[in-house]
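The values are calculated or read from the model by the stated rules, or taken from the named source; none is laboratory data. These figures come from a predicted structure and were not determined experimentally. Here the Cβ positions follow ideal geometry from the backbone for every residue, glycine too, while neighbour counts run over all protein chains shown. Side chains are part of the model used for accessible areas, which takes the heavy atoms of the whole protein and leaves out ligands, DNA and RNA. Shrake-Rupley method; radii C 1.70, N 1.55, O 1.52, S 1.80 Å.
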Amino acid sequence: MHRVLMIAYHFPPLAGSSGIQRTLRFVQHLPKFGWEPLVLSADPRAYERTSDDLIGDIPPNTMVRRAFALDTARHLAIGGRYIGAMARPDRWVSWKFAAVREGLRMIREFKPQAIWSTYPIATAHLIGAELQRRSGLPWLADFRDPMAQDGYPADPLTWRSFLAIEQHALRMARFSTFTTPGAARTYRQRYPATAERVVVLENGYDEETFATAVPAGEARQALNPGAITLLHSGIVYPAERDPTQFFAALGRLKAAGAIAPGSLVVRFRAAVHDDLLQSLAARYDIGDLIDCQPPVPYRQALAEMLAADGLLVMQAANCNEQIPAKIYEYLRANRPILALTDPLGDTAATLRQAGATDIARLDSADDISQILPAFLEAICAGRAVLPVRQAVADASREGRTAQLARLLDVASGR
């Protein structure tokens, strides 16, 4: 059994981020493919919110060490203000110093054959790069999504720090992995000298977790009997998942009588920006259609997806090279999917390949108004389009872990 040192900020007991699932499921499945994971994460004090609901999913014998870390905005601010350099490349940069020390101890003690670090906390790649430099071990940099983008991060100094990190990683990492073809294509074009080391490693769903989300033999129960429940599970980012035109379309359809009173509930689970949703609902007079609900444990969130009449995706065109991680869980839930996204983006392409064809642009109330009534009518009539079984099977986390294990084999010369 070979060993890999895995550097990940997103790891239980952190709560509220779907990004936890990627590292957690790799940790679960890697031993099946001959790799023992050693996890280096952050002290839970750095997390804004914690939950024990996924602690039990960490395999009992997994070595997990947590290095001292603070959240600059919460722990080092005075009057809500802090020095910019103390949050560059991100608010958890303090994690780097203790994590490098702890990582070197783990390398000496357990003698891993490879290092793996994962973004979107950029500090994780700083830690991975430093450990690679000091140990000489092969390093896999898991980017998931692009780092330095046009207009993101907005702060020029932070943007330059992101660019420096990705330049170093693309040069020094044995492989750099991305979750979408579009992101990988961008980085192959941006760094042609290392294009052959840029690899797509998509997100997925965990079959074992789905199997325990609902008791065996339990019949599906409607979330709102007598009404169609359309569920959006996860954060509604105001820029990347702006619901304004969707709400405008709902208001237009309600006013025209195309949505009858009491016939539709759009539930937002753990949206974070509930104030935004409620203000938009008031603006378009659709408060009776919108249901904002707080976060729930992960398995309960999966059970809710299984029970929903339809599942809602929102992804703006400025994220065309990203695919929300929950897309794969939506596919496994086997419910009709309404995708409000750019038809030319990776999210739309993935859904079309899986047979989900109800797609309208998120920024067009006209497009949404045209597609939504037919989508709801198909659900009522029992003829809504469901994901293709083979596409669902191909998206399992175990399959994704097999891909990661092959990359580790190549990197380590196994």
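Of the residues 232, 263, 244, the one whose Cα sits farthest towards the positive end of the charge dipole of the range 226-297 is 263 (charges of +1 on Lys and Arg Cβ, -1 on Asp and Glu Cβ, taken about the Cα centre). Note on the range 321-377: Cα Rg divided by 2.2 N^0.38 Å, N the number of residues, gives 1.08. When each of the peptides 393-402, 18-27 is scored by how many other beta carbons lie within 10 Å of its residues on average, the order from highest to lowest is 18-27, 393-402. DSSP beta bridges confined to the chain are antiparallel in about 5 percent of cases. The sum of -39500 (n - 2.57) across all DSSP H runs of n ≥ 4, divided by the residue count of the chain, sets its helix-only mean residue ellipticity at 222 nm to -12000 deg cm²/dmol.
At a probe radius of 1.4 angstrom, the accessible area of the range 174-308 per residue rounds to 44 square angstrom.
Ranked by the mean number of other Cβ atoms within 10 Å of their residues, highest first, the peptides 345-353, 28-36 fall in the order 345-353, 28-36.
Considering all alpha-carbon pairs of the range 252-381, what whole percent are spaced by more than 19 angstrom? I get 53 percent for the Cα pairs in the range 252-381 exceeding 19 Å. With a Förster radius of 35 Å applied to the beta-carbon distance between residue 134 and residue 49, the computed FRET efficiency rounds to 0.55.
Counting Lys and Arg as +1 and Asp and Glu as -1 over every other residue whose Cβ lies under 11 Å from the Cβ of residue 362, the net charge comes to -3.
Give the percent of DSSP beta bridges with both residues in the range 118-216 that are antiparallel, rounded to the nearest 5. The antiparallel proportion sits near 10 percent. Largest GNM mean-square fluctuation among 196, 218, 48, using the chain with Cα springs under 10 Å: 218.
Computed over the range 1-132, the range of Cα coordinates on each principal axis works out to 50, 32, 20 Å, biggest value leading.
So if the hydrodynamic radius of the range 169-221 is defined as the Kirkwood radius over C-alpha pairs, what does Stokes-Einstein give as its diffusion coefficient at 4 °C and 1.567 mPa s, in µm² per second? This corresponds to a translational diffusion coefficient of 95 µm²/s. What is the sum of charges around residue 92, taking Lys and Arg as +1, Asp and Glu as -1, for the other residues whose C-beta is under 13 Å from the C-beta of residue 92? Combined, the nearby Lys, Arg, Asp and Glu give +2. Residues whose amide H falls under 5 Å from that of residue 199, counting only those 5 or more places apart or on a different chain, are 176, 177, 178, with hydrogens built in the peptide plane. Bridgeable aspartates and glutamates around residue 254 (alpha carbons under 15 Å apart, same-chain partners fewer than 8 residues away excluded): 285, 288, 366, 377. Solvent-accessible area of the range 363-414 (1.4 angstrom probe, protein heavy atoms only): carbon and sulfur portion equals 48 percent. The share of alpha-carbon pairs in the range 136-260 lying farther apart than 19 Å comes to 69%.
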